[in-house]
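The values are calculated or read from the model by the stated rules, or taken from the named source; none is laboratory data. What you see is a predicted model; the values in this text were computed from it and never measured. Glycine also receives a Cβ, built like all others from the backbone with ideal geometry; neighbour counts cover every protein chain displayed.
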Amino acid sequence: MTALELAQQLKAKFGDLISAPAEFRGEITVQVADAERITEVCAFAKQSLGCDSLVDLSSVDNYGEDPRWTLVYELYGMSHHCHLRLKTNVSEEKSELPTISGVWRTADWHEREIYDMMGVRFRGHPDLRRILMWDGYPYFPLRKDFPLAGKPTDLPEIAFTKTAPLEGGPFVTVAGGKDTIAREPRVRNPEN
């Protein structure tokens, strides 16, 4: 069994819902045309194709394009040692698709992270709440329209007693400097 054969079996089962397999650097990817049917496709991949492991589930922000988000499902079969990548798109207006946590339990945390960082919701998820940012955080920090320097805000009694350290951002470093400590934002701004 090869990844290409797995993709061809998906195509045979679902027809036009699944794109022709695309190969890049030895990896096979198929596009699922309707995000509403991703759970059905994933269940078939697990039960009939032996893709018993969801290795990763990630999202791509295609800011300025429609559909805005691409979700990427990395599947693996322990018995046949093949990887298969599924992709599906979600528009900004809808920004919701069904959960696959009933297919692979590990999807629970992956979906929570995508919701927390991108704002894409998963209908039917057993516990869809923030996993990295605190409850009440008003933004989705991995969206491309979120500024790297952060946003100024004052959120009293939520995680901090003073202004939340968003401005200047935890991820903004300065190129150069004598070492990594000098590039660390908190070193440059000691009052945080």
Review point. Among the residues of the range 138-160, is any polar (S, T, N, Q), modelled with pLDDT under 95 and under 24 Å from Tyr73 (Cα atoms)?
Key: no
Exercise for review: Kindly indicate whether any position in the range 55-73 is over 20 Å from Ala22 (Cα atoms) and under 11 Å from the mean Cα position of the chain (by Cα).
Suggested key: yes
Study note, to complete from the structure: When the range 37-52 is checked residue by residue, the ones that are surrounded by 15 or more Cβ atoms within 10 Å (Cβ to Cβ) and within 19 Å of Glu111 (Cα to Cα) are Arg37, Ile38, Thr39, Glu40, Val41, Cys42, Ala45, Lys46, Cys51, Asp52
Review point. Which is crowded, with 17+ Cβ neighbours inside 10 Å and without any contact (Cβ under 8 Å) to a residue 60 or more places away in the chain, of Pro21, Pro98, Pro67?
Key: Pro21
Practice item. Kindly indicate whether Thr29 is part of a strand (DSSP E or B) and touching a strand residue (DSSP E or B) at 6+ places or on another chain (Cβ under 9 Å). Key: yes
